[in-house]
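Every read-out reported here was derived from the displayed coordinates using simple, explicitly stated rules and does not represent laboratory data. Predicted model only: the values in this text are computed from it and were never measured. Here the Cβ is made from the backbone with ideal geometry for all residues, glycine too, and neighbour counts use every protein chain on show.
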Amino acid sequence: MSSDTHVENLIVNTIRTLSIDAIQKANSGHPGAPMGLAPVAYTLWDNYLKFDPSDPQWPNRDRFVLSVGHASMLLYSVLHINGYDITLDDIKNFRQLDSKCAGHPEYGQAPGVEMTTGPLGQGAATSVGMAMAERWLESYFNRDSKLIDYNVFSMLGDGCMMEGIVSEAASLAGHLGLSNLIWIYDSNNITIEGNTDVAFTEDVSARFRAYGWRVELVEDANDLKALAKAIEFGVKEANLPTMIVAKSHIAFGSPNKQDKSAAHGAPLGEDEVAATKEFYGWDQSKKFHVPEEIDRYRDHAIKRGRKLRKEWQVVYEEFAAVNPQLAREFEMIQAGEIPSGWNKNLPTFTPDAKGIATRSANGKILNAVASGVPWFIGGSADLGPSNTTVLTQAGDFQKGSYDGRNLHFGVREHAMGAIASGLNLSGLRSYVATFMVFNDYLRPAIRLAALMSQPVIYVFTHDSIGVGEDGPTHQPVEHLAALRAIPNLDLFRPADATELIALWNHIMTGEDRPVALALTRQAVPVIDRTIYKSADGALRGAYVLADCDGTPDVILIGTGSEVHLCLDACKQLAADGVKARVVSMPSWELFERQDAHYKEEVLPVAVQARVSVEAGVSMGWDKYVGCGKSGRVMGLDQFGESAPASELFPKFGFTVEAVVEAAKQVIGA
């Protein structure tokens with residue numbers, strides 16, 4: 001850290017004024033947090049954060065996650081003065097179309113942004129996944145050298161602290177002893193509705209000590225020496241994650257808005273900007289002013305970063321010379337690749353009328369994938385045996401044994417979802433699991449994974465009223481439709497184990513979106529593919545599973561366990577002289593990405609008599625079935641009941657006879 005107090009103040013105030021001017025020009029944004037947090041950001045980036053602006057993806061860089069995402073201008077200003085490819089013009093275009101400097105940090109849009117943040121608490125929880133990934137990578141690769149030894153920092157606000165996801169994630173981080181994790185809490189006691197006293201009066205420090213964290217208190221966020229001391233304690237801590245509570249003033253320096261909620265979500269206003277700059281000793285006539293001293297500071301940051309990376313590169317080359325296979329795996333992780341032959345141990349499933357639950361088939365597949373991809377890692381929200389997601393030969397990830405690949409999240413679905421993204425953002429391939437009805441608990445994290453194009457795998461079992469006796473609280477009804485509503489998320493509901501295997505070939509080779517699997521608790525038949533079409537058709541989202549001669553009179557479209565009702569109905573219709581086609585549609589999303597010719601082959605426009613069969617809400621099925629007498633949606637637009645699955649399906653109209661009757665109605669037979 002620079003010993004020149006004048007230069008330090010100049011850098012801090014440059015961060016503040018760039019943020020103020022960008023927000024004022026955009027007439028939109030949150031100036032208060034950047035003004036209060038500028039000294040914290042300067043101290044961290046100046047001396048404790050390991051980074052190289054000329055190579056933002058350097059594998060051994062420290063990670064910084066701005067959980068308080070509305071303070072985005074703080075991050076953009078810091079990145080600019082530290083030499084990242086964010087220009088003054090980018091900052092001037094804050095919150096404008098196609099600007100690198102979006103309203104909240106967007107992953108992949110600007111260098112130095114480690115993840116998309118904005119929904120409070122998500123960033124902090126995801127940083128726990130990043131810290132877990134570092135510990136696993138360190139255990140796997142650090143043989144005779146310190147190839148991996150980075151820290152993960154996150155900056156949180158009062159709003160983050162109120163969100164339940166932070167409690168979940170902090171509890172798990174404390175349990176795991178993630179000493180490479182440092183959170184900095186901007187404690188300014190202000191939210192949109194006023195002082196935090198209206199809703200938030202707990203002792204945060206005591207809470208985090210109870211979680212198993214080291215807690216450091218900085219009474220004044222403008223005290224650079226105190227900040228440096230606290231961060232240094234966190235970096236040196238060897239056993240516990242660290243929470244630094246930094247007492248700050250929102251909109252520090254604003255004569256009329258400091259310590260007021262008015263500074264949270266709106267520009268200061270031209271007069272207040274001028275008055276604030278006067279307080280800083282800044283030239284009020286200049287906007288987006290970057291003093292010459294900042295150019296020297298930027299050059300220093302760039303040189304320092306290159307030196308750190310080059311020193312690490314020497315370590316890597318020595319490591320690679322001794323461990324060529326590990327080096328190849330390391331490179332694959334950085335490139336987002338998986339080993340060739342990863343699928344050689346995938347199980348096979350022979351035709352079986354009694355069948356196997358797709359959750360059980362999936363458990364076998366997970367273990368086969370894990371044997372071929374050493375960095376395949378995941379776990380369940382305390383439901384591993386029920387979800388069948390335990391990796392039998394991979395060990396547990398726990399404090400003191402970070403080489404395990406079975407993650408135990410406890411009953412913390414929301415944090416689990418965010419942590420999965422953190423693992424993926426760090427190069428690992430992650431999966432997480434729970435009952436399908438509980439995907440509501442991690443939906444915000446799923447949405448962010450989709451927004452960031454992270455190929456997280458969500459395993460949701462117990463996918464329908466087939467759950468049975470646990471009743472409507474555990475029987476998902478609206479959840480298929482809700483997941484389909486998330487852009488850039490692929491939902492797969494396979495009809496049997498063979499479709500599931502085909503879909504896993506897609507899952508592991510995809511790189512640009514997460515996937516959700518909807519899997520049965522109950523056994524479903526394994527379809528005889530010598531009689532019916534190949535399960536490879538599942539890779540196109542929908543395919544003709546059973547067909548008739550000539551043009552069909554009716555098309556039956558099913559997903560998951562209900563496909564088997566369609567197959568049996570097809571046989572009965574044929575006996576009655578009705579020509580039927582059965583289409584298995586495990587994924588709307590994959591089908592929509594097919595060309596028009598293929599879609600016409602599967603669902604010819606000329607055949608308007610169609611019936612869809614799915615034990616979930618009917619929402620959305622009109623797209624494929626049409627409406628009126630030419631199409632019928634067989635769905636479940638109500639909650640289920642507590643009873644054996646064998647009784648529930650008939651009660652709610654999911655029988656072969658009901659499908660046959662619906663088919664005859666739509667063709668007018």
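Using the charge dipole of the chain (Lys, Arg: +1 at Cβ; Asp, Glu: -1 at Cβ; taken about the Cα centre), state which of Leu308, Ile190, Phe319 has its Cα farthest towards the positive end.
Phe319
Stick to Cα atoms and the Kirkwood definition of Rh, then tell me Rg/Rh for segment 68-178.
Reported Rg/Rh (Cα atoms, Kirkwood Rh): 1.04.
Gain in length, Glu219 to Gln393, computed as 0.36 nm per residue apart minus the alpha-carbon separation, to one decimal in nm?
57.8 nm
About its Cα centre, what dipole magnitude does the chain give when the only charges are +1 on Lys and Arg Cβ and -1 on Asp and Glu Cβ, stated in debye to the nearest 20?
720 debye
Residue separation times 0.36 nm, minus the C-alpha to C-alpha distance between Val198 and Asp283: what's the value?
26.8 nm is the gain from fully extending Val198 to Asp283.
Going by alpha carbons, how many degrees (0 to 90, nearest 10) lie between the helix axis of 563-575 and the longest principal axis of the chain?
The angle comes out at about 20 degrees.
If we count every other residue with Cβ under 15 angstrom of Ser167's Cβ, Lys/Arg +1 and Asp/Glu -1, where does the sum land? Could you put the intermediate results ahead of the total?
Values: positive: Arg207, Arg209, Arg412; negative: Asp158, Glu163, Glu168, Glu202, Asp203, Glu413.
Surrounding charge for Ser167 is -3.
So how many Å³ per residue does the convex hull of the Cα atoms of segment 352-526 work out to?
106 Å³
Pairs of Cα atoms under 8 Å, at least six residues apart: use those to get the relative contact order of segment 479-593, whole percent. Write down the numbers at each step before the final one.
Details: 189 pairs, mean separation 37.4, N = 115.
Normalised by residue count, the contact order of segment 479-593 is 33 percent.
Below 12 Å, Cα to Cα, which aspartates and glutamates can Lys664 reach? Residues fewer than 8 away in the same chain don't count.
Those aspartates and glutamates meeting the cut-off are Asp553, Asp576.
Using a Förster distance of 56 angstrom, determine the FRET efficiency expected from the C-beta separation of Glu293 and Gln608, and round it to 0.05.
It comes out at approximately 0.15.
With a 10 Å Cβ neighbour count serving as the proxy for reagent exposure, in which order, fewest first, do Ile531, Ile184 appear?
Ascending number of Cβ neighbours within 10 Å: Ile531, Ile184.
Cα to Cα, under 19 Å, and not fewer than 8 places away if on the same chain: which aspartates and glutamates meet these conditions relative to Lys236?
Asp46, Asp62, Glu134, Glu138, Asp149, Glu216
Can you pull the semi-axes for segment 542-667, root of five times each eigenvalue of the Cα gyration tensor, sorted largest first, whole Å? Don't skip to the answer; put the middle values down first.
Working: eigenvalues 102, 60, 32 Å².
For segment 542-667, the ellipsoid semi-axes come out as 23, 17, 13 Å.
Longer than 20 Å from Cα to Cα, which of Lys50/Lys310; Lys533/Lys579; Lys533/Lys623; Lys92/Lys287; Lys571/Lys599; Lys25/Lys286 are they? Say none if no pair is.
Listed pairs above 20 Å: Lys533/Lys623; Lys571/Lys599.
For a Förster distance of 30 Å, can you work out the FRET efficiency between the beta-carbons of Ser453 and Thr5, rounded to the nearest 0.05?
Using R0 = 30 Å, I get an efficiency of 0.10.
Only helical DSSP H runs with n ≥ 4 go in: add -39500 (n - 2.57) per run for the chain, normalise by residue count and round the 222 nm mean residue ellipticity to 500 deg cm²/dmol.
Only helices count here, giving -12500 deg cm²/dmol.
Which residues among segment 131-152 fall inside the zone where the amide N is under 17 Å from a point 7 Å beyond the Cα of Ala321, along Cα→Cβ?
Hits in segment 131-152 for Ala321 at 17 Å: 143-147.
Between Ala238 and Ser618, what is the label-to-label distance in nm when each label sits 7 Å out along the Cα-to-Cβ direction?
It works out to 6.7 nm between the two label points.
Roughly how big is segment 5-306's charge dipole about its Cα centre, with Cβ charges of +1 (Lys, Arg) and -1 (Asp, Glu), in debye to the nearest 20?
Here segment 5-306 has a charge dipole of around 480 debye.
Within segment 1-43, name every residue whose backbone N is under 17 Å away from a label modeled 7 Å from Cα of Asn256 along the Cβ vector.
24, 31-32
Taking the chain on its own, what percent of its Cα-Cα pair distances exceed 46 Å? Walk me through the intermediate numbers first.
Values: 61316 of 223446 pairs.
Above the 46 Å cut-off, the chain has 27 percent of its Cα pairs.
Given axes a ≥ b ≥ c from the Cα gyration tensor, I'd like to know whether segment 263-386 is rounded (a/c under 1.5), prolate (a/b larger than b/c) or oblate.
On the way: a/c = 5.32, a/b = 1.90, b/c = 2.79.
Verdict is oblate for segment 263-386.
Can you tell me the 0 to 90 degree angle between the C-alpha axis of helix 122-141 and the longest principal axis of the chain, rounded to 10?
Computed tilt is about 90 degrees.
Within a Cβ distance under 13 Å of Ser54, other residues only, what is the Lys/Arg minus Asp/Glu net charge?
Surrounding charge for Ser54 is +4.
Rounding to the nearest 10 and keeping the result within 0 to 90°, find how far the Cα-based axis of helix 5-26 lies from the longest principal axis of the chain.
50 degrees
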